[in-house]
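Heads up, the thing below is written out as structure tokens.
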């Protein structure tokens, strides 16, 4: 058991972390590169940059966008707050960073962390249920839309049990192993799945805007319309 | 872009990703963390392959330049530019490979300023640097011809460079001749380290001639490979011409190699059935005899497959020749063999991959092959297009290739990282062997405190017999009653402790009973036994101080969980309401474990928490020296002033006697002790370690060199 824990907390963790960071940098680089290429070729170079930035900002705190389906929006918001804050600001995690790298930052009180963790677990379940219940979102939903929230909940459930051993029906070390291993796998998954929106989100508005300037196969259709097929655009 | 080229690039990018991960560890954690190099094997794969073979593989540049520009064989002109490009990238790869191998890579420029006229390596370094510059100038026209660089100033430079072709070619030939041979001259100073089948007075001639043949065959191989990947035409007639020339040079090489061995009278070693003999036969056959014979036939020379086989044989065989000279035929003490670590292999392969990608990059963008067209201009590429309804990763299909290559590199790096020692090389554990008790007698309790020894309890029966029957040189006059046959029999035996934690044979003899008596009998135990395991009263030192040099974790968390009723028991050490469950915030060990702590020890255990026990050596020195110092201060009349000095316990004479009697163990003094010595080496040393032979490890090891006995040294 200690060997597995050692592996999951050591080589697996830093490999996963490096894979996540480099993978996200790769995604960002590829997206920016292609966006720049598209912009260079776009006939209409008038990009509403101000609106793109404003929209990105307003979706960052989406209270304004809570509409008819506000319970779903609220669940998503709570889920995101917990998923971002708890791993970074949990006192135990801060202590690990301090021990490993010598840098530290203020931590959340444990009561707040525990509350947020419980909220994340509840929100993950609610997200899946809400998606399954509403017909429109059910039609759009892919496998990853159901599996990812549930998988994200695994390190939170196991973490909660490690934090509170008296609530834990299982032995501590195996629970800790599940916690660390599932978190490692999650880090690996970030650049490979739609979780990469954690770094690509500022580009979603921009890319949609670019896409309107350059609809699918736009070039060939325009050339076709103008009777200039095969000529450079 | 053809599929095979994309697949090749994907593989190369993966290997470059692995290289990147290894490089990070190599340059942050040092050579020791990723290589199997040691003081006995300071030159490994990175020198044998990256430098020695790299330089030889790039020899095509000067050979083809001479063929076309000096000998005027213009029909080979089509091979010249790829050969120059290969040479240019090859030498750059050598420089990069060298950076990995140099302990202080940032000093790679030192030969430019710090001239060392007597050093062959200095000549090699300077030649390689100058030739790399010459190659840059030779290849520069290909770059300057690119439409992007069609500027007036650059056109002027291009004209000058084209006019300077012949002087540049001559400089290239001179420099190549110098350093291709000098790489062989490096080994002239190792007549006793290089196996006689490879050591030669004309090794520099052999290196040069083999480089010429290898250069020609490398051009052939590379031409066939690029024809396959870029799908262009093969110039069979010209390849056949190169093959014939290579065949002639290879036969000259074979004649020189065998003639030299015959003249020195060691040719017989090639067929004596030894490992080195077989290696020699395989290498010469692979590198020269088989391909040279094959290429005598016109049919082979004019067939693609035939030339591919011959070229692959020569290239791999000549690389093996360089590896043999620098690794396999290089003799080392037994137990200090060398095999490259996977990281070393990954770096060598990764550098080749990176430069192969550069080669492809230049071929796709410049006019390197006359019949490979430049990559399609950007206007002809597929148009980028976004589909907002299905876009998942915000990237359109046109980025499939870059996405694939960067993904491959990332995957390679991640897999490598998983197996790399990111925290640096782990210290080799050196488990402590607990002190053993031996029967002996304290003859004199005065300041001299001489002990006579009888090894009744030593582990080897053979050693005991020898101890009883051998009169040791250092023992006369001191061990008056030790052994049967000496003047007085042993009178009052006592138990002595033989303290030799790392079993290197330099034991310290510790008179446990005398210490106990001096310090106050049974009540004095706690002075040294400062912390006992729960069920014990006088835990031996090695129970906690388990490693000779490193501190050891002695706290068993799992055992505590089990003993404290699982999860319910956590709060007994990690109090409720504590923010972080850590070592620092846990309940003190001494709060529960009251009994095992000594009240007045010489070295107190850490006041309340003791998860880590320091290294054995540190612990022993701390305890003994502290107490000795204190006693000398307290009773200057009773003890000699040097009681706290090293010699008091580490008695050189006594250690020598103990060493003679110890069963043979690894006593190598070189930097990286081997895990286990081969049986032959162990036997040789056991025999050599008798009382009349005081052979040093190096001397006894030299005797075990294969082929050392029959060597015909100049």
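The values are calculated or read from the model by the stated rules, or taken from the named source; none is laboratory data. Note that the coordinates shown come from a computational prediction; the quantities given were computed from them, not determined experimentally. Because the Cβ atoms are built from the backbone with ideal geometry, glycine has one as well, and the counts that use them run over all protein chains shown.
For this structure, a couple of remarks:
- Only one entry in B:325, B:281, B:289, B:315 is free of Cβ contacts under 8 Å to residues at least 12 places away in the same chain and touching a helix residue (DSSP H, G or I) at 6+ places or on another chain (Cβ under 7 Å), namely B:281.
- Filter pass, residue B:265 being at positive phi and modelled with pLDDT under 95: yes
- Being farther than 30 Å from residue B:413 by Cβ and touching a residue at least 24 places away in the same chain (Cβ under 8 Å) is a property that holds for residue B:70.
- Residue A:46 meets all of the listed conditions (1) within 14 Å of another protein chain (Cβ to nearest Cβ); (2) outside any helix (DSSP H, G or I) but one, namely (1).
- Per-region count, the range A:17-42, residues more than 10 Å from chain B (Cβ to nearest Cβ) and without any contact (Cβ under 8 Å) to a residue 24 or more places away in the chain: 2
- Residue count for the range B:414-434 satisfying the condition of being surrounded by 21 or more Cβ atoms within 10 Å (Cβ to Cβ) and either more than 7 Å from every other protein chain (Cβ to nearest Cβ) or at pLDDT below 80 (or both): 3.
- Residue within the range A:1-11 that is at pLDDT below 85 and exposed (fewer than 14 other Cβ atoms within 10 Å of the Cβ) present: yes
- Of residues in the range A:54-67 being surrounded by 13 or more Cβ atoms within 10 Å (Cβ to Cβ) and free of Cβ contacts under 8 Å to residues at least 12 places away in the same chain, the one nearest to residue B:404 (Cα to Cα): A:58
- Sole residue being within 45 Å of the chain's Cα centre (by Cα) and assigned by TED's automatic domain parsing to the domain that holds residue B:618, chosen from B:531, B:564, B:519: B:531
- Annotation: residue A:57 fulfils all but one of (1) part of a loop (DSSP other than H, G, I, E, B); (2) at pLDDT 85 or above; the unmet one is (1).
- Scanning the range A:86-100 for residues that are more than 10 Å from chain B (Cβ to nearest Cβ) and under 18 Å from residue A:164 (Cα atoms) yields A:86, A:87, A:89.
- Verdict on residue B:54 being modelled with pLDDT under 90, under 22 Å from residue B:368 (Cβ atoms) and touching a helix residue (DSSP H, G or I) at 6+ places or on another chain (Cβ under 9 Å): no
- Once the range A:99-117 is narrowed to residues that are surrounded by 14 or more Cβ atoms within 10 Å (Cβ to Cβ) and out of contact with any helix residue (DSSP H, G or I) (no Cβ under 7 Å at 6 or more places or on another chain), the residue that is farthest from residue B:423 (Cα to Cα) is A:115.
- Complete set of residues in the range B:45-58 that are more than 20 Å from residue B:21 (Cα to Cα) and under 14 Å from the mean Cα position of the chain (by Cα): B:47, B:48, B:49
- Tally, over the range B:385-406, of residues that are more than 7 Å from chain A (Cβ to nearest Cβ) and at pLDDT 85 or above: 2
- Within the range B:559-584, considering residues that are more than 8 Å from chain A (Cβ to nearest Cβ) and at positive phi, the one modelled with the lowest pLDDT: B:577
- Under the condition of being part of a loop (DSSP other than H, G, I, E, B), free of Cβ contacts under 8 Å to residues at least 24 places away in the same chain and under 30 Å from residue A:175 (Cα atoms), the residues counted in the range B:528-561 number 1.
- Residues (assigned to a helix (DSSP H, G or I) and more than 8 Å from chain B (Cβ to nearest Cβ)) located in the range A:192-211: A:192, A:195, A:197, A:198, A:199, A:201, A:202, A:205, A:206, A:209
- Residue count, the range B:170-186 (criterion: surrounded by fewer than 22 Cβ atoms within 10 Å (Cβ to Cβ) and within 15 Å of residue B:134 (Cβ to Cβ)): 7
- Matching entry among B:636, B:607, B:601 (being modelled with pLDDT of 85 or more, under 25 Å from residue B:523 (Cα atoms), more than 14 Å from every other protein chain (Cβ to nearest Cβ) and assigned to a loop (DSSP other than H, G, I, E, B)): B:636
- Among the numbered conditions (1) in contact (Cβ under 8 Å) with a residue 12 or more places away in the chain; (2) farther than 30 Å from residue A:31 by Cα, the only one that residue A:169 does not meet is (1).
- Only listed residue being in contact (Cβ under 8 Å) with a residue 12 or more places away in the chain, within 14 Å of chain B (Cβ to nearest Cβ) and over 20 Å from residue A:172 (Cβ atoms), chosen from A:119, A:148: A:148
- Restricting the range B:131-141 to residues that are farther than 18 Å from residue B:56 by Cβ and touching a helix residue (DSSP H, G or I) at 6+ places or on another chain (Cβ under 7 Å), the residue that is surrounded by the fewest Cβ atoms within 10 Å (Cβ to Cβ): B:136
- Remark: pairs (first residue in the range B:335-357, in the same structural domain as residue B:10 (by TED's automatic domain parsing) and farther than 17 Å from residue B:95 by Cα; second residue part of a helix (DSSP H, G or I) and at pLDDT below 95; Cβ separation under 6 Å; 6+ apart in sequence or on different chains) = B:335/B:681; B:340/B:45; B:343/B:34.
- Within the range B:74-124, considering residues that are over 29 Å from the mean Cα position of the chain (by Cα) and touching a residue at least 60 places away in the same chain (Cβ under 8 Å), the one surrounded by the fewest Cβ atoms within 10 Å (Cβ to Cβ): B:75
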